[in-house]
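*Asks:* First, the structure itself, so that you have it in front of you.
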Amino acid sequence: MAVRIVAFRRIPLSRRSAWEKFYARSGTRGKGVSPGFSGVFRRPPPVGVSSTRGRSVVHSENRFIPRSVHRLWITGRQTGGMDRPPLAVRHDLQPHPEGGWYRQTWVAGETVTLPDGRVRPTATLIYFLLPAGESSAWHRVRSDEVWLGHEGTVVVELGGSGDVPEPGERLVVGPDEPQGLVPAGVWQRTLVSEADALVSCLVSPGFDFEDFELA
């Protein structure tokens, strides 16, 4: 397995990639990964290929993950003291930089060239699990995102499309309203839920971490 040494120079959080922000904010602090940490990172599986049972996952080809997160893929259950919830184990979900757990399940075979030159699949689809008592960080993507409820209820708070999020309208995705739309470029976060919530997120044009921004 290829190994690469990556040294951080305490880059301000606002300038780090989504995955670097995830490392800094995750429970891996003090367990081998933190801002300023210089250590061993491993390249994630190629896009569309899982390291466990051949199932698809979504990662940008140029991202690197800490050994502790890679161990989660190998054991399938925990990493750095972070246990996977039962639904995450059942659906083979991995930790997401914004919080929660996810796995890409489909990528459209057709691509589209956007006005700014980006080439993306016409759509992508993921499972997303928000365990009870957890929430996700403010983030936005450069494509429309449709939330589709499967189990439980997710409250998605929108934060406008300015430079920083400003709490506003809320979408409740659950049994009564199983669909919710977050327009492209609009800040969003999920609020703490009382029970596990499993949804699918359909993004069009298709999702890429280059189009993903954490507040």
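*Asks:* Of the residues that make up the range 200-208, is at least one of a type in the set (Asp, Glu), part of a loop (DSSP other than H, G, I, E, B) and either farther than 18 Å from ARG140 by Cα or outside the structural domain of GLY162 (by TED's automatic domain parsing) (or both)?
*Replies:* No, the conditions are met nowhere in the range 200-208.
*Asks:* Go through ARG120, ARG189 for me and flag whichever is basic (Lys, Arg) and more than 21 Å from LEU93 (Cα to Cα).
*Replies:* On the way: ARG189 fails: more than 21 Å from LEU93 (Cα to Cα).
When all the criteria are applied, what remains is ARG120.
The values are calculated or read from the model by the stated rules, or taken from the named source; none is laboratory data. No experiment lies behind these values; they were computed from the predicted model shown.
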